[in-house]
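Structure, as structure tokens:
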Amino acid sequence: MGGVGEPGGGRGPREGPAQLGAQLPIFRWEQIRPHDLPGDKWLVIERRVYDISRWAQRHPGGSRLIGHHGAEDATDAFHAFHQDLSFVRKFLKPLLIGELAPEEPSQDGAQNAQLIEDFRALRQAAEDMKLFEADPIFFALLLGHILAMEVVAWLIVYLLGTGWVPSIFAALILAISQAQSWCLQHDLGHSSIFTKSRWNHVAQQFVMGQLKGFSAHWWNFRHFQHHAKPNIFHKDPDVTVAPVFLLGESSVEYGKKKRRYLPYNHQHLYFFLIGPPLLTLVNFEVENLAYMLVCLQWTDLLWAASFYSRFFLSYIPFYGVTGALLLFVAVRVLESHWFVWITQMNHIPKEIGHEKHRDWASSQLAATCNVKPSLFVDWFSGHLNFQIEHHLFPTMPRHNYSKVAPLVKALCAKHGLHYEVKPFLTALVDIVGSLKKSGDIWLDAYLHQ
């Protein structure tokens, strides 16, 4: 018999994919761990070992996303991100190089095997309850009310003129429409509406491009990394914000190293100046355009151009070029406030730091919390108040979060995991409190260590 990695004295693990019908090499975790380097990535799915080193660049979700799971058990992430597993497995076959040795645990490190088993049973129960099936009427109404708001905003200006009052109302309605478009394209990006990924992607390009002026590919590139490794530095773009803001463990690190690029002990104050007002207007606009140009996303660029053409052709006749530009800026600033407060109320106050290599359920629960539901909060936040359920099951249609929530609560209670639910206003205030706490930690480390 051959040794580990070379059954029957056969091929070595780096000589290419396993041949159909051949005995698979077996590996131990100690052999897999070193393969988490640029250009050398292995991962484990359902106890099978795959070499994704060369294929990662062709991964539809981007090489970074799949690379974040290098040398790990990616089984639950694999199930979480993909609808049609039988289709996706076709791409895995040529990458198969072996399997875990029978005596090896399915996960590396000190992970709770019973929790993992129970979570997978919970997911199966959700599938049996058909909670991954979308209600087309629900999403048709969402799109309808977005389009209706676009029309109403234009009619206000057309019928009532360009005075301050109608202009303010038009800007508010357009900002709400933009916010709801974020939510709808987010649903489409997670393939939670249509049964075929292609349909979701085409619809997302329309909503993200024509209704918002952004690139669907750019959003997915950022957002999928956030879901794969929430609140993990250098893996989640949403929390890799130093040196502008210090979050979680970066506060101590910057303090100990005597780094002071900004007065971080006052970051909870300058947050109001450069956080909510400018994220969408400045950071997203620049990052989005750069991504489309560098990555040659010409289709997305055309979709974005169609948004700007429609917007300015609609409002320049009333306001002139300068006035229409000011209206656009006002809408983006209002929309940006919504985006920052709504998307970060579930994450910024939670644990933020470096990779801990937790199991899927534990990592998502450590980085998320919920906000108490109501008809208004559900609508206003695009059901992102059910952030725990959304992170555990990214492809689940949002109208089913409330149905799976009791099962998730029961799982957390069984395993002693914190299922946190906050009032809406408390969640918003906690963002500022978390920034202040991180700033104070930085100052203490800066002065005394």
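What part of the accessible area of the chain, given as a whole %, is carbon or sulfur when the probe is 1.4 angstrom? The value for the chain is 65 percent carbon and sulfur by accessible area. Accessible surface computed residue by residue for the chain, with neighbouring protein chains in place and a 1.4 Å probe, gives 47 Å² per residue.
Here the stretch 275-330 and the stretch 375-449 have alpha carbon centers that stand 31 Å from each other. Calculated over the stretch 110-160, the projected area of the Cα convex hull averaged across directions stands at 6.5 nm².
Seen from a random direction on average, the alpha-carbon convex hull of the chain projects onto 23.9 square nanometres.
Taking a ≥ b ≥ c as the square roots of the eigenvalues of the Cα gyration tensor, the stretch 159-313 is classed as oblate, since a/c reaches at least 1.5 and a/b does not exceed b/c. Classification of the stretch 26-124 by its C-alpha gyration tensor yields an oblate form. The axis ratio a/c (a ≥ b ≥ c) is 1.5 or more, and b/c is at least a/b. Contact order, relative form, for the stretch 132-250: 17 percent (alpha carbon pairs under 8 Å, 6 or more residues apart, mean separation divided by residue count). Please say if the stretch 115-217 is rounded, prolate or oblate, where rounded means a/c under 1.5 for a ≥ b ≥ c the square roots of the C-alpha gyration tensor eigenvalues, and otherwise the choice is prolate for a/b larger than b/c and oblate otherwise? Prolate, since a/c reaches 1.5 and a/b exceeds b/c. Between GLN23 and ASP40, the modelled label-to-label distance comes to 2.7 nm, taking each label 7 Å out from Cα in the direction of the beta carbon. With all pairs of separate Cα atoms included, the stretch 274-329 yields a Kirkwood hydrodynamic radius of 12.6 Å.
Electrostatic bookkeeping for VAL282 treats Lys and Arg as +1 and Asp and Glu as -1; over the other residues with beta carbon under 14 Å from its beta carbon, the sum is -2.
Estimated from helical segments only, the mean residue ellipticity of the chain at 222 nm is -17500 deg cm²/dmol, where each DSSP H run of four or more residues counts as -39500 (n - 2.57). Over 18 Å apart at the Cα level, from the set LYS350/LYS422; LYS356/LYS436; LYS130/LYS403; LYS356/LYS437; LYS41/LYS93, are LYS356/LYS436; LYS356/LYS437. For an R0 of 56 angstrom, estimate the FRET efficiency from the Cβ-Cβ distance between LYS90 and TRP154 and round to the nearest 0.05. Plugging the Cβ-Cβ distance into 1/(1 + (r/R0)^6) gives 0.75. Other residues whose C-beta falls under 12 angstrom from the C-beta of PRO243 contribute a net charge of +2, scoring Lys and Arg +1 and Asp and Glu -1. For the stretch 367-442, the spherically averaged projection of the C-alpha convex hull amounts to 5.9 nm². Modelled spin-label separation between TRP164 and ASP440, with each label point placed 7 Å from Cα along the Cα-to-Cβ direction: 4.0 nm. With the simple spin-label model, which puts each label point 7 Å out from Cα in the Cβ direction, the LEU296 to HIS266 separation comes to 4.8 nm. Computed over protein heavy atoms with a 1.4 angstrom probe, the accessible surface ordering of ASP444, ASP51, ASP128, largest first, is ASP128, ASP444, ASP51. Under the membrane-span-like helix rule (DSSP H runs whose alpha carbons stretch at least 15 Å along the helix axis, mean Kyte-Doolittle hydropathy -1.0 or higher), the chain yields 113-128, 136-160, 164-189, 298-344, 401-415, 424-448. Take the chain, connect every pair of alpha-carbon atoms lying under 10 Å apart with a spring to form a Gaussian network, then pick out the residue of VAL44, VAL340, VAL88 with the largest mean-square fluctuation. Taking springs between Cα atoms under 10 Å, the residue moving most is VAL88.
Using a cutoff of 8 angstrom between alpha carbon atoms and counting only pairs six or more residues apart, the relative contact order for the chain works out to 18 percent.
With R₀ fixed at 30 Å, the C-beta to C-beta distance from PHE312 to HIS145 puts the FRET efficiency at about 0.80. If you bin all the Cα-Cα distances of the stretch 189-241 at 5 Å, starting from zero, the percentages per bin are 4, 22, 22, 20, 16, 12, 4, 0.
The values are calculated or read from the model by the stated rules, or taken from the named source; none is laboratory data. What you are looking at is a predicted structure, and each value in this text was computed from that prediction instead of being measured. Here Cβ is always computed from backbone atoms with ideal geometry, including for glycine, and neighbour counts include all displayed protein chains. The protein model used for the area step is the full one, side chains on, heavy atoms only, and it has no ligands, DNA or RNA in it. Shrake-Rupley method; radii C 1.70, N 1.55, O 1.52, S 1.80 Å.
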